[in-house]
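For reference, the structure is listed below as structure tokens.
The values are calculated or read from the model by the stated rules, or taken from the named source; none is laboratory data. Not measured: the values here are computed from a predicted model. Cβ placement follows ideal geometry from the backbone for every residue including glycine, while neighbour counts extend to all protein chains displayed.
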Amino acid sequence: QNMKDASSFINKMFKAASELDDYVFQSEMVCYKKRSIVKETANYYFKKPRLIRLEVTGGPRKGALAILKADGRVHGHLGGLLRFISGTVGADSTFVNGENGYCMMDSDFLTLAGAVRQMLSNNHQATVSCEPIKVDGRSSPVFVMDIYKKQAGQNELIKRVFVNPRSSLPEEWHDFNDGHLSSLTVWKNLKINVGLSADIFQ
């Protein structure tokens, strides 16, 4: 497959994300641990400038709720047997990390695109397919973007992202560790600029 440098492609992703007023999607995350596979599903809501509501609908933390408010802090409650424990934490608290170890409050499209841009300035490299290609399990062709970390003179694949050619937004995100797939996230039923009320972020 023909690949090219992804710098301008990432800028296009960043611009597309920055132009969204609000959106909602369902996410499915699969984490490959040493002795188990953990799955988690969630409903995700975003509204400018950066209000986020995350409802965990399946997995070990089913029932958990996290809302990033305008004060920059996360309000909500835990899931499962701990769902009656509620409180407020900083957006960088480990309480709001997903099963893959990444902060769930940093999984909005603009923050993800910004994180990829930051990687390029930190000795990483990114390539993207020259045109959308057919990928197993996907009904429509997507751009495939690979992000490499330069390690001991070699390029180690650390991320693979499937990007919708019409919206320039990610549809699927794979994380690799030591050459092995460690987690993947799929975004489904994305609805853009639906006019979300600020009330759902209370």
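Numerical summary
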read-out: Members of the range 149-174 that are surrounded by fewer than 18 Cβ atoms within 10 Å (Cβ to Cβ) and farther than 16 Å from SER129 by Cβ; value: LYS149, LYS150, GLN151, ALA152, GLY153, GLN154, ASN155, GLU156, SER167
read-out: Matching residues, the range 146-157, being touching a strand residue (DSSP E or B) at 6+ places or on another chain (Cβ under 6 Å) and over 16 Å from ILE10 (Cα atoms); value: LYS149, ASN155, GLU156, LEU157
read-out: Top-ranked residue of the range 117-145 - restricted to ones that are among the charged types (D, E, K, R) and over 12 Å from ILE10 (Cβ atoms), ranked as surrounded by the most Cβ atoms within 10 Å (Cβ to Cβ); value: ARG138
read-out: Looking only at the range 41-84, and only at residues there that are of a type in the set (Phe, Trp, Tyr) and modelled with pLDDT of 85 or more, the one that is surrounded by the most Cβ atoms within 10 Å (Cβ to Cβ); value: PHE46
